[in-house]
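Any read-out appearing in this document is the output of simple, stated calculations on the displayed coordinates, not a laboratory observation. Because the structure is a prediction, the values reported are computed rather than measured. Cβ sites come from the backbone with ideal geometry, for glycine too, and all protein chains shown count toward neighbours.
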Amino acid sequence: MIKFFKSVAKEMKLVTWPTFKQNRRDTSVVIVSSILFAAYLGLLDWAFSSLTQIVM
């Protein structure tokens, strides 16, 4: 078990972590994409709901 944790620690030192700037940019992309996708789904929901009301 100790060998495993030593191996994990060794691998973690080899990881290239993103900079603060990269992390902030990527987070912004995810947030904006999520908002746009939610707006798109909301628009589709509204359109199908309106269409259903017209048909019925």
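Answer yes if at least one residue in segment 9-18 is basic (K, R), surrounded by 10 or more Cβ atoms within 10 Å (Cβ to Cβ) and part of a helix (DSSP H, G or I), and no otherwise.
No: zero hits.
If you go through segment 27-50 one residue at a time, do you hit one that is among the charged types (D, E, K, R) and under 21 Å from the mean Cα position of the chain (by Cα)?
no
Being of a type in the set (D, E, K, R), surrounded by 10 or more Cβ atoms within 10 Å (Cβ to Cβ) and part of a helix (DSSP H, G or I), is that true of even one residue in segment 31-46?
Just the residues of segment 31-46 that are of a type in the set (D, E, K, R), to begin with: 45.
Next cut, surrounded by 10 or more Cβ atoms within 10 Å (Cβ to Cβ) only: 45.
Narrowing the set further to residues that are part of a helix (DSSP H, G or I) leaves 45.
Checking segment 31-46: at least one residue is of a type in the set (D, E, K, R), surrounded by 10 or more Cβ atoms within 10 Å (Cβ to Cβ) and part of a helix (DSSP H, G or I).
Taking segment 19-30 on its own, how many of its residues are loosely packed, with under 10 Cβ neighbours inside 10 Å and either of a type in the set (K, R) or touching a residue at least 24 places away in the same chain (Cβ under 8 Å) (or both)?
Looking only at that region, the number is 1.
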